[in-house]
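Encoded as structure tokens, the structure appears first; notes follow it.
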Amino acid sequence: MSQQMFCPIGECEEVNVSPYVYMLRVPLALLGVAAYLLILALNLVGLRWGERRSGQITPVIFLFSLFGVAFSAYLTYLELFVLKAICSWCVVSAITMTAICILSGWELIRASRPPSGA
């Protein structure tokens, strides 16, 4: 018996039963959750370290999220042009990863500027 996904808009079920939902036999949804948990853990470590050393974490978050954006773009391509179905959860994940990438990139730029008022 197959259990239907809750999908407010889009064709999540078509995407979820496609051959593209696994990478090396691991569900992509599980990899996505692991990626977001890793980003959360990195942010928590950065907060714990304080402002002086948290600058070492931001480039890692940026690079990791940049990879996430590229991978999300690939998956979105598959949805649009191969499966011809869109999953709303995938769209939300892609937008979230893009926001994380933009914010961490912005933080990198901000941190690289010399302090004003010197």
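Just so it is clear, none of the values below were taken in a lab; they were calculated from the coordinates. Just so we're clear, the structure is a prediction, and the values are computed from it rather than from any experiment. Positions of Cβ are generated from backbone atoms using ideal geometry, with glycine treated the same way; all protein chains shown enter the neighbour counts.
Less than 5 angstrom separates the built amide H of Y22 from those of L28, all sequence-distant by 5 or more or on a different chain. Rounded to the nearest angstrom and ordered from largest down, what semi-axes does the equivalent ellipsoid of the chain get from its C-alpha gyration tensor (root of 5λ)? Values for the chain, descending: 34, 15, 11 Å. Between the helical axis of 58-77 and the longest alpha-carbon principal axis of the chain there is an angle of about 20 degrees. Computed extension length for W49-I9: 10.3 nm, one decimal, from 0.36 nm per residue of separation with the Cα-Cα distance subtracted. Could you pull out the GluC sites (Glu not before Pro) across the range 1-94 that fall in loop regions by DSSP (anything but H, G, I, E, B) with no more than 15 other Cβ atoms inside 10 Å? Those that pass, being in a loop and sparsely packed, are E11.
One chain, two ends: Y77 and V91. Fully extended at 0.36 nm per residue, the span grows by 3.9 nm beyond their Cα-Cα distance.
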